[in-house]
Amino acid sequence: MNLFERLQLSMAKRQLRARRAEFYFDLAMSLEDRVPLFSTFKKYEKRARKRDRGMALLYRHILRNAINGSLATALEGVAPTSELMMLDAAQTAGDASVAEGLRFLSGTVEKTERMTAAIKGAVMYPLFLIALFYTILLGFSFYAIPVLESIMPVTEWPASGKALAAVANGVRHYGLLMIGLNVVLFIAFMYSLAHWAGRSRRPFDKRLPYSVYRDYSGAMLIVSLASLMRSGISLRSSLEQAVRYSTPWMRWHVRSILRGISSANAENFGAAFGTGVLNQDLEDRIMDASERRDPVEAFVKIGTGSIDRIATSIEKSSARLNSVMLLLCGVALASMLLGFMATTQQLQSAVQKKTQQTSQRN
């Protein structure tokens, strides 16, 4: 496969990932009508040859992997790891279970897209505010402040103006370094979301912005476990399977849950989920479910019904984060304007004073 074909395949994966809810639903209907997946993918590949070469390459790739492995293996790069885990579990129970799992996934994806949109909003809005703040700061530093400096020495400025001049001087001399440092910090933060694991991470997961990632990932874990348990897989086996598809952060929590379940002092599985992987409300629901007559059935109900609640929780967390960022940027901009206005007023007073002195001499 040449470079151009690899690019086409990558773009096709992105397109299919965006509409995978409909894709899962179509596959489920085909299986319910007793049409083998091989025949369905073959038909999709033949149809795509006339419309989109990239999609034809993708369906050919899926066909190859489906023949040599499983549906989960075939959809690697298209579906997230949590969905691959559900597909892998469903396929072990036959086509009927796969059809049911695909239909369940179709509905789940539509709901999780709401959570994803909330997370994107939580990230993009603060980034927009930061970019706007930096743009205004650059304008002050390279255009407004130098004009004032050419008229009046900084030593004669008011305290707020001197502070603004110091910031502007720092931006002019170290602006690129500051931008680079912020980019590095942002990359480090994004990397830490999935890779920073252990007890040292737990206090941060209770606070923004890490709590948004915790809420989303914890909800997806419960949904994944509920899907596996619906297929007849035990909680322990479901957790062991989740380890295979988990990020380092989630893997630490899942292994801690497994140790909690295996503990001789464990009265029920609910206490084992107190690792910090879930928010307090969801953790309480899991604890209550573990104490009921049919804890597995109660767990499945919580998993299938928790997505909308978590989406609402994430939207509230996003709103709080956005409010904090808006307040911080507002205070910073107000301080800049205060320093600028105070300096211009003092400059006007100095000019008027010099004009009066000149008039008196004449």
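The values are calculated or read from the model by the stated rules, or taken from the named source; none is laboratory data. Fair warning: this is a prediction, and the values are worked out from it, not measured in the lab. For neighbour counting, all protein chains shown are included, and Cβ atoms are generated from backbone atoms with ideal geometry for every residue, glycine included.
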Quiz item: For the subset of the stretch 232-258 comprising residues that are hydroxyl-bearing (S, T, Y) and surrounded by fewer than 20 Cβ atoms within 10 Å (Cβ to Cβ), which member is nearest to the chain's Cα centre (by Cα)?
Solution: T247
Quiz item: Out of curiosity, is R14 in a loop (DSSP other than H, G, I, E, B), farther than 16 Å from E100 by Cα and outside the structural domain of V109 (by TED's automatic domain parsing)?
Solution: no
Self-check item: Hits in the stretch 139-151 (condition: farther than 12 Å from T343 by Cα and small (G, A, S))
Solution: G139, S141, S150
Quiz prompt | Qualifying positions in the stretch 155-169 - farther than 17 Å from L333 by Cβ, assigned to a helix (DSSP H, G or I) and in contact with a Ser or Thr (Cβ under 9 Å, 6 or more places away or on another chain) | solution = K162, N169
Self-check item: Residues that are among the aliphatic types (A, V, I, L, M), modelled with pLDDT under 85 and in a helix (DSSP H, G or I), drawn from the stretch 223-242
Solution: V223, L225, A226, L228, M229, L235, A242
Practice problem: Quick one: which residue in G276, G303 is under 30 Å from M190 (Cα atoms) and modelled with pLDDT of 85 or more? | Solution: G276
Practice problem: Report, ordered by the first and then the second residue, all pairs with beta carbons closer than 7 Å, sequence separation of six or more or different chains, a first member in the stretch 152-171 that is farther than 16 Å from M341 by Cβ, and a second member that is surrounded by fewer than 16 Cβ atoms within 10 Å (Cβ to Cβ) and modelled with pLDDT under 80. | Solution: none
Quiz item: Can you pull out the residues in the stretch 286-301 that are of a type outside the set (G, A, S), over 22 Å from R255 (Cβ atoms) and not in a loop (DSSP other than H, G, I, E, B)?
Solution: D288, E297, V300, K301
Exercise. Could you please find all residues in the stretch 128-164 being of a type in the set (G, A, S) and closer than 13 Å to T344 by Cβ?
Key: A144, S160, G161
Quiz item: Among the candidates D26, D52, which residue alone is over 20 Å from V109 (Cα atoms) and either surrounded by 15 or more Cβ atoms within 10 Å (Cβ to Cβ) or in the same structural domain as L75 (by TED's automatic domain parsing) (or both)?
Solution: D52
Quiz item: Residues in the stretch 1-23 that are charged (D, E, K, R) and under 14 Å from S106 (Cα atoms): how many?
Solution: 4
Practice problem: Among what's in the stretch 292-332 and is surrounded by fewer than 16 Cβ atoms within 10 Å (Cβ to Cβ) and touching a helix residue (DSSP H, G or I) at 6+ places or on another chain (Cβ under 7 Å), pick the residue that is nearest to G101 (Cα to Cα). | Solution: D308
Practice problem: Kindly check whether there is at least one residue in the stretch 292-314 that is touching a residue at least 60 places away in the same chain (Cβ under 8 Å) and closer than 30 Å to M152 by Cα. | Solution: no
Exercise. Test I261 against the criterion of being out of contact with any Leu (no Cβ under 9 Å at 6 or more places or on another chain) and either surrounded by fewer than 17 Cβ atoms within 10 Å (Cβ to Cβ) or acidic (D, E) (or both), and give yes or no.
Key: no
Quiz item: How many of the residues in the stretch 314-347 are of a type in the set (S, T, N, Q) and farther than 30 Å from V147 by Cα?
Solution: 4
Quiz item: Given the conditions (1) at negative phi; (2) surrounded by fewer than 21 Cβ atoms within 10 Å (Cβ to Cβ); (3) within 26 Å of the chain's Cα centre (by Cα), and given that G77 satisfies all but one, which numbered condition is not satisfied?
Solution: (1)
Exercise. Go over the candidates Y174, Y210 one by one and state the one that is buried (at least 18 other Cβ atoms within 10 Å of the Cβ), modelled with pLDDT of 85 or more, in the same structural domain as E315 (by TED's automatic domain parsing) and not charged (D, E, K, R).
Key: Y210
Quiz item: Just for the stretch 179-207: of the residues that are in contact (Cβ under 8 Å) with a residue 12 or more places away in the chain and aliphatic (A, V, I, L, M), which one is surrounded by the most Cβ atoms within 10 Å (Cβ to Cβ)?
Solution: A197
Quiz item: Taking the stretch 57-102 as the search range and keeping residues that are among the acidic types (D, E) and more than 22 Å from E45 (Cα to Cα), which one is modelled with the lowest pLDDT?
Solution: D88
Quiz item: Among the residues of the stretch 1-19 satisfying the criterion of being closer than 12 Å to D52 by Cα and in contact with a Gly (Cβ under 7 Å, 6 or more places away or on another chain), which is surrounded by the fewest Cβ atoms within 10 Å (Cβ to Cβ)?
Solution: M11
